[in-house]
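Worksheet for the structure shown next.
FYI, it's all coordinate maths here, none of it is from the lab. The structure displayed is predicted, hence computed values, not measured ones. Cβ sites come from the backbone with ideal geometry, for glycine too, and all protein chains shown count toward neighbours.
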Amino acid sequence: MTQIPVQPGIMDIALYVSGESRLVGRDDVLKLSSNENPMGCSPAATEAFRGASADLHRYPATDHMGLRTAIGEVHGLDPDRIICGVGSDEVLQFVVQAYAGPGNEVITTEHGFSMYPILARMVGATPVTVPEADRKVDVDAILAAVGERTRIVFIANPANPTGTMLGADDLQRLVEALPAQVILVHDGAYTEFATGFDGGVSLVDGHPNVIMTRTFSKIHGLGGLRIGWGYASREMIDVLNRIRQPFNLSNAQMAAAEAAIRDTAFTAHCAELNARMRDRMRNSLIQMGIACDESFANFVLARFDSAETAADADAALRGDGILVRRVGGYGLPDALRITVGDEDGVARVLDSLGRFMASRRSE
């Protein structure tokens, strides 16, 4: 049978694997594998979604004006410099489609989000992975890898799956040293969990080759609806809108997202709960003898003394009905990424791991 030709890079893509959500034989599963908000979404978002059901026969607005206006008002941004997508992943896809292709290179980092090399290969570009320094993005390593073929640099900040973060000085040093034709994509999916951080707004406002992205999947609890957005110069947004499908977001998606972002009290409550539970989890893990970097996201990265111990810890958690994320595919075989849950969820995780570590000491 004749093989139908496939575009360059497509067959090099490893399929993305999402976090598990079920355990056979258990009806009390605690899912902490996908960094979802344990509080769910704003009640206002739920009500808006229900209300949109009366207009399911109507085509949605192609310009997303209501949602872009809401984002702009809440974050103090120009709505004309905002683009909305099916999750922030789609906005990232627009960037590679518009600015990279065969013969170009896209820089990612050692423990960076696994979608970045997938997106590069999707357009036939070559992903170039640079090392990190103690699980943190290394500005010097990125700059050393930049060459004539470099078109895009991806960083997640705060980072997934490490939870670490680059400060303002390092971000500024990075963007100022990049050539003008190289785009810096600042993926800020976890921005709201990092107190006082603008998510890259100041970078965008000062540099036309920077785009920042955000999502409604994390703190806003709308992962099931797939809504994200990006903020960049008007010129870049104009380019990206030329390849965006006109009806990429439904009325229901936009209504729920607008209500969610306007419910700033709910967002603040979720951020405060996460900060308290994250500190409690990290401090307790360290006391147990489990290494854990400071996290600026809604998860922690628990590091064990070996890949075997991490696998045993994962098995113990699964035995207690708790699903976390193995991150060997991110170059961290000795670690588990654990979403920060509510008070009961955190207590359940710490109890399970406490018993696991105690059993190891008694062997």
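Just tell me the longest site-free run in the chain, where the sites are trypsin sites (Lys or Arg not before Pro) in a DSSP loop having at most 13 other beta-carbon atoms within 10 Å.
243-363
Counting Lys and Arg as +1 and Asp and Glu as -1, what is the net charge of the other residues whose Cβ lies under 15 Å from the Cβ of D169?
Every neighbour counted, the sum reads -3.
Using the Cα gyration tensor of segment 168-308, with a ≥ b ≥ c the square roots of its eigenvalues, what is the shape: rounded (a/c below 1.5), prolate (a/b larger than b/c) or oblate (neither)?
Judged from the Cα gyration tensor, segment 168-308 comes out oblate (a/c at least 1.5, b/c at or above a/b).
I'd like the per residue volume of the convex hull spanned by the Cα atoms of the chain, given in cubic angstrom. The partial results should precede the final answer.
On the way: hull volume 61.0 nm³, N = 363.
Normalising the Cα hull of the chain by residue number yields 168 Å³.
Placing +1 on the Cβ of each Lys and Arg and -1 on the Cβ of each Asp and Glu in the chain, which of S34, T69, V340 has its Cα farthest towards the positive end of the resulting dipole?
Positive-most Cα among the choices belongs to S34.
How much of the DSSP bridge set in segment 95-199 is antiparallel, in percent, rounded to the nearest 5?
Antiparallel bridges: around 5 percent, rounded to the nearest 5.
Only Lys, Arg, Asp and Glu count, each charged at its Cβ (+1, +1, -1, -1), so figure out the dipole size of the chain about its Cα centre, rounded to 20 debye.
Dipole magnitude for the chain comes out near 660 debye.
What does the C-alpha gyration tensor say about the overall shape of segment 84-217? Classify as rounded when a/c is under 1.5, otherwise prolate if a/b is larger than b/c, or oblate.
Rounded is the answer for segment 84-217, as its axis ratio a/c remains below 1.5.
Counting only chymotrypsin sites (Phe, Trp or Tyr not before Pro) that are in a DSSP loop and have at most 15 other C-beta atoms within 10 Å, tell me the longest site-free stretch of the chain.
The longest such stretch corresponds to 17-246.
How many percent of DSSP beta bridges within the chain run antiparallel, rounded to 5? Before the final figure, lay out each step's value.
On the way: 18 of 37 bridges.
In the chain, DSSP labels about 50 percent of beta bridges as antiparallel.
Whole-Hz Karplus ³J(HN,Hα) for segment 212-227, in order, using 6.51 cos²θ - 1.76 cosθ + 1.60 and θ = phi - 60°, x for Gly and Pro?
10, 10, 9, 9, 9, 7, 9, 5, 7, x, 10, x, x, 9, 6, 9
If you find the alpha carbon centre of segment 116-176 and of segment 301-350, how far apart are they in angstrom?
26 Å
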